[in-house]
Amino acid sequence: MTDPAVEFRNVSMRFGDKVALQDIDLAIEEGSFVVLLGPSGGGKTTLLNILGGFLAPSSGQVFIKGSEVTHVPPARRPTTTVFQDYALFPHMSIAANVGFGLKMRGVPKAERAARVEKALEMVGLGHTALRRIHELSGGQRQRIALARALVVEPSVLLLDEPLGALDLKLRRQMQEELKAIQKRVGTTFVHVTHDQEEAMAIGDVIVVMNDGSIEDWGSPERVYLQPASRFTANFMGDNNLIEGRVTRVAGDRVEVATAFGSFLLPGTAESGASVALSLRPEHLHPETAAGRVTLGQGRVVEAGFFGTHHQCSVALAGHEDVLKLRLPQKRLVQPGESLGLYADPADMVLITR
Amino acid sequence: MPAALLHALRALPIWLYVLLLYGFIFLPVGVLVLFSFQESRIPVPPFNGPSLRWYEAVFSDPRMMDALANSVAVALLSSLVAVVLGFLAAYALARHRLPLAGLLQGFLTAPLTVSYLIIAMGLLITFNQLGVPKSLLTVGIGHVVINLPLCFAILYSQMGEHQANIERAARDLGAREWQVLVLVTVPMMWPALFASFFLSVTFSWDEFIIAFMVSRFDVTLPVEIWSMLRTGLNPKTNAVGSFVFLISIATVLILDLVILRSRKA
């Protein structure tokens with residue numbers, strides 16, 4: 001068995017009284033694109049800084065390809081970082097920026113020039129080598145920062161919310177490019193973001209972090225479709241969380257009693273336990289079909305058009321909470337309209353945490 | 001037309017005010033410069049120049065020229081020392097968590113609020129106690145004392161979180177501490193270093209009280225001018241005064257050009 005590209009063992013971080021990270025255990029597979037996702041203050045940037053060597057953990061160990069690096073300074077780690085504000089050297093040409101890491105490693109001038117050129121071509125900026133940093137746009141600076149970090153061929157590339165400062169369209173485009181470049185170079189990427197759409201678009205593995213702990217981790221499909229906790233279910237896209245209680249356990253199925261009725265669905269939980277059902281808006285329908293059960297009759301409170309669909313909030317008679325659902329693009333909907341709501345219990349996910 | 005006239009009339013008091021204000025500031029200097037070109041021996045109206053004879057007298061006076069050389073040496077060397085010390089102090093306080101950082105910073109900037117006279121007296125007493133003879137060296141030390149806080153304040157204000165991140169990037173790419181300083185921090189801070197150096201030079205160049213109190217045989221230009229003034233006014237003092245003013249203006253202009261250029265970049 002080969003060593004994982006990165007391994008955190010029992011890593012904790014405290015700043016004074018504040019606990020920023022609590023017993024983090026995480027192994028990152030070689031060559032994967034891992035996204036650390038979570039709200040601000042969740043600990044994801046702290047974890048990245050510990051991996052980059054900018055912070056030493058209060059306790060625990062960090063390994064890169066099997067060797068311990070917990071207290072190795074950034075300069076001597078096989079990691080490089082793409083910073084949120086790019087942190088390019090304003091007084092150097094673009095070629096000098098990209099070549100900086102190679103120069104520090106004592107790579108001879110001729111080889112350095114060749115590798116810088118190749119790195120610039122990789123990010124699509126081969127023609128800009130002699131320009132100055134301030135002549136570039138935000139997206140171009142982003143690419144230079146990427147080229148500068150990748151040219152030294154790190155074992156792990158760290159990306160600290162690198163797309164945060166770009167406008168939406170450019171951000172989507174850079175996501176695709178990042179993904180393509182990662183596939184091409186095969187380097188392990190660890191990317192921090194608070195944007196769950198970005199996380200799903202680029203990550204092979206998503207690690208959801210909250211309050212200094214790992215809430216959930218797995219493939220984007222797994223984390224989105226089978227969220228492990230209430231936090232993940234709410235944080236990953238729009239969702240309806242329906243609180244309930246387990247009334248009966250039957251083999252690998254449980255019956256959950258909620259304000260909207262009792263549902264029999266797959267999962268394991270103890271009888272009497274307080275649980276939640278995650279029901280995505282796209283799994284709630286205004287008409288019945290085979291396998292669907294009724295949740296009740298409701299009235300549309302709010303409706304908005306999102307291009308690909310209409311999103312509405314529906315208040316069910318006798319309930320305080322509203323349920324979110326998606327209606328097809330061409331289905332016109334008005335606030336005040338009355339709707340029957342149906343869902344397939346197979347689409348409901350049992351959440352015990 | 002009447003409307004335009006009315007508008008012009010309304011603007012008149014404003015222009016009058018501007019004229020008075022600038023006159024108040026620049027008239028003395030203007031008079032000084034004008035009568036440095038006086039032909040006769042007394043710098044009072046009527047003006048009967050222009051003549052360069054007094055400039056000639058200044059530049060052929062060996063005592064004046066010695067004082068000029070002393071002033072240049074003291075200004076350049078003391079400013080260099082002030083910038084280097086100010087930079088190191090600013091770097092330490094901006095980049096590291098030091099115990100009592102607030103207090104250290106307070107003590108570094110405090111001399112800005114103390115009058116030059118008090119500083120000069122303090123230095124004089126200290127040098128006397130230590131048995132350090134009064135010389136150009138003590139003048140230079142005095143000028144470092146007044147300029148170091150200024151250099152520190154300018155440089156510290158320019159070392160923000162963004163700059164710290166750029167240094168972090170350099171470390172991340174394998175640079176050692178000295179390489180970070182030499183290859184990244186200093187070049188990145190170049191405009192601020194330049195500005196604090198030139199400001200120090202102008203302050204040292206026309207500083208009088210400290211230079212007067214802690215010097216003895218070798219003196220700087222302002223002290224030489226003062227001893228010349230004691231024998232009475234003559235256009236030669238105007239000429240050397242104009243020259244000092246010209247150098248100060250030139251330094252400020254260079255500074256302005258460099259800062260403006262770096263702002264645009």
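Within region A:57-92, the set of residues being within 14 Å of another protein chain (Cβ to nearest Cβ), surrounded by fewer than 16 Cβ atoms within 10 Å (Cβ to Cβ) and part of a loop (DSSP other than H, G, I, E, B) comprises A:Pro73, A:Pro78. At positive phi, within 14 Å of chain B (Cβ to nearest Cβ) and either surrounded by fewer than 16 Cβ atoms within 10 Å (Cβ to Cβ) or at pLDDT below 85 (or both): is that true of A:Gly106 in this structure? Criteria met by A:Gly106.
All conditions in (1) out of contact with any helix residue (DSSP H, G or I) (no Cβ under 9 Å at 6 or more places or on another chain); (2) more than 30 Å from A:Lys18 (Cβ to Cβ); (3) free of Cβ contacts under 8 Å to residues at least 24 places away in the same chain hold for A:Thr247, with the sole exception of (3).
Applying the criterion of being assigned to a helix (DSSP H, G or I) and either touching a residue at least 40 places away in the same chain (Cβ under 8 Å) or within 14 Å of another protein chain (Cβ to nearest Cβ) (or both) to the residues of region B:113-135, the residue that is farthest from B:Ala211 (Cα to Cα) is B:Phe127.
For the condition within 14 Å of chain A (Cβ to nearest Cβ) and either within 16 Å of the chain's Cα centre (by Cα) or in contact (Cβ under 8 Å) with a residue 40 or more places away in the chain (or both), what is the one hit in B:Thr185, B:Thr138?
Selected residue: B:Thr185, the only one of B:Thr185, B:Thr138 that is within 14 Å of chain A (Cβ to nearest Cβ) and either within 16 Å of the chain's Cα centre (by Cα) or in contact (Cβ under 8 Å) with a residue 40 or more places away in the chain (or both).
Residues in region A:337-353 that are surrounded by fewer than 17 Cβ atoms within 10 Å (Cβ to Cβ) and either within 26 Å of the chain's Cα centre (by Cα) or assigned to a loop (DSSP other than H, G, I, E, B) (or both): A:Glu337, A:Ala346, A:Thr352, A:Arg353. Inclusion of A:Leu21 among residues that are under 26 Å from A:Val223 (Cβ atoms) and in contact with a His (Cβ under 8 Å, 6 or more places away or on another chain) is not warranted. Taking the conditions exactly as written (touching a Gly at 6+ places or on another chain (Cβ under 8 Å) and not hydroxyl-bearing (Ser, Thr, Tyr)), does A:Ala56 satisfy them or not? Taking the combined requirement at face value, the residue does not satisfy it. Screening region A:37-55 for residues that are part of a loop (DSSP other than H, G, I, E, B) and within 14 Å of another protein chain (Cβ to nearest Cβ) and picking the one that is nearest to A:Arg14 (Cα to Cα) gives A:Leu55. The conditions of being in a helix (DSSP H, G or I), more than 24 Å from A:Gly52 (Cβ to Cβ) and within 14 Å of chain A (Cβ to nearest Cβ) are not met by B:Pro149.
Meeting the requirement of 1 or more residues that are in contact with a Pro (Cβ under 7 Å, 6 or more places away or on another chain) and in contact (Cβ under 8 Å) with a residue 40 or more places away in the chain, the helices (runs of 4 or more DSSP H) wholly within region B:204-265 are B:209-213, B:235-264.
Table: residues versus (1) within 14 Å of chain B (Cβ to nearest Cβ); (2) closer than 30 Å to A:Trp217 by Cβ; (3) surrounded by fewer than 15 Cβ atoms within 10 Å (Cβ to Cβ).
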residue: A:Ile94; (1), (2), (3): no, no, no
residue: A:Glu111; (1), (2), (3): no, no, yes
residue: A:His127; (1), (2), (3): no, no, yes
residue: A:Ile133; (1), (2), (3): yes, no, no
residue: A:Glu161; (1), (2), (3): yes, yes, no
residue: A:Glu176; (1), (2), (3): no, yes, yes
residue: A:Gly186; (1), (2), (3): no, yes, yes
residue: A:His194; (1), (2), (3): no, yes, no
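Considered as a group, the residues in region B:147-165 that are crowded, with 22+ Cβ neighbours inside 10 Å and among the hydrophobic types (A, V, I, L, M, F, W, C) include one that is nearest to B:Ser115 (Cα to Cα), and that residue is B:Leu148.
The values are calculated or read from the model by the stated rules, or taken from the named source; none is laboratory data. This structure is a prediction, so every number in the text was calculated from the model and none was measured. Heads up, the Cβs are rebuilt from the backbone with ideal geometry, glycines too, and the neighbour counts pull from every protein chain shown.
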